[in-house]
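The structure appears below as structure tokens.
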Amino acid sequence: MSKKLLAVAIAAALAPAAVMAEASNVTIYGRIDYGFMSRGGDNNGATQRGRDGRLNDFEDGILGTNRFGFKGTEDLGNGLKAIYEFEFGFSGDSGTAFGSTTNRHSWVGLTGAFGTALGGRVDGARYSFVGKYDPFKNQTVANAGSLFGVTSGLGQADRADNAVVYISPEVAPGLKFLAAYTTSLLTETGSSALAAAGIVNTDIETGDTPLYALAAMYDNGPLSLLLDYENLQIKANSGGNDLEFDLWVAGASYDFGVVKLSAYYESTEGDDTLSKASSNGDGWLIGLSAPVTSNITLKASYVQANDDRADNRDCSKWGLGGEYAFSKRTTAYATYAKINNDSAAVCSISKNASGASGQPTGTAGAPTSAGYGDSGFNVGIAHTF
């Protein structure tokens, strides 16, 4: 078969799928990211988990988690549209799904003059907001969120299950409001997802984690501002005690053109003595991103995370990195980060914020396998489509 006839045959085979995609306004998108990460320490402390020397890995999803997804809209008339999106994660260096689930988020909703309302599994508010103002976007060894996840004692909920979200239209130029609620942040109601935090499952409430969030978001030209309040509850069994936490988040950035400066602050605190024993701390970051040329961007950040549940549990991290854009879709990157831990702190290096390093919520002892060491670097290449 000639090349011309082959091309015609392929086009004919793909035409029905193309027509269907156009009719339903479906967009297929994704990214794949692969690189090298090296981590270590100089004190053989808890963050090294008894291991000597460096931990070297070929890793995927460093600059951004590997994913593919589908999103689309349907015009319902009178300015009203149905919207949906579902996204899956995958491992680029093995045959397994990325993380504990392949479903990163999945939601359906309506948008129009009234604003946007949607429901399903959505991106977490606090996690998304720190990623917005962190120049490393909660990714690479320099990510900020993994430190806040450790010192807050609450981890980083990168997704919120069982959620409904409302985003207002602009009430003034650049100003919108967000309201969100979930009956159970981490999993289905009553499934005791927080058993690892020391809660024993004896009745249907155990493991329920209702959360609501209210946020004001201002994005107008070079200026971005954010204020977010969240309330999280952890339901216990009939013989235990419920826990409740208040979370405050504030962020700001200004793009001067030659450099973009950003700042972020968060506070997490229990509402009573028992809750304070699980979470009582705050943290902040300052960052910059500078486009040196049309292809090269340099980044830097400093993160301070404070844990007030006990003495000497604060940690800090500074990070430096650069990206080289071969095109709008393909980017090479390199990042270095160094953590300074107080004597009882266990912040460690991880490739993103959702794989929070340090000790699991409500437990004591060695850090989890997601983090290792107090210094590290990564290099790699990422492609989006």
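Couple of notes before you dig in:
- Note, ³J(HN,Hα) from phi for region 142-148, Karplus 6.51, -1.76, 1.60, rounded to Hz, x at Gly and Pro: 8, 4, 8, x, 5, 5, 4
- Gyration tensor over alpha-carbon atoms, region 55-182, equivalent ellipsoid semi-axes in Å: 30, 19, 13
- Charge tally in the Cβ shell below 9 Å around Tyr264, where Lys, Arg are +1 and Asp, Glu are -1, Tyr264 excluded: -1
- Label-to-label distance, nm, for residues given as Leu227 and Leu261 (7 Å Cα→Cβ offset): 2.1 nm
- Heavy atoms of Ile234 accessible to a 1.4 Å probe, total area in Å² rounded to 10: 20 Å²
- For His383, solvent-accessible area (1.4 Å; no DNA, RNA or ligand), Å²: 70 Å²
The values are calculated or read from the model by the stated rules, or taken from the named source; none is laboratory data. Computed from a predicted structure; not experimentally measured. Cβ coordinates were reconstructed from backbone atoms using ideal geometry, including for glycine residues, and neighbour counts include every protein chain displayed. Accessible surface is based on the protein model in full, side chains and every heavy atom, while ligands, DNA and RNA are left aside. Shrake-Rupley method; radii C 1.70, N 1.55, O 1.52, S 1.80 Å.
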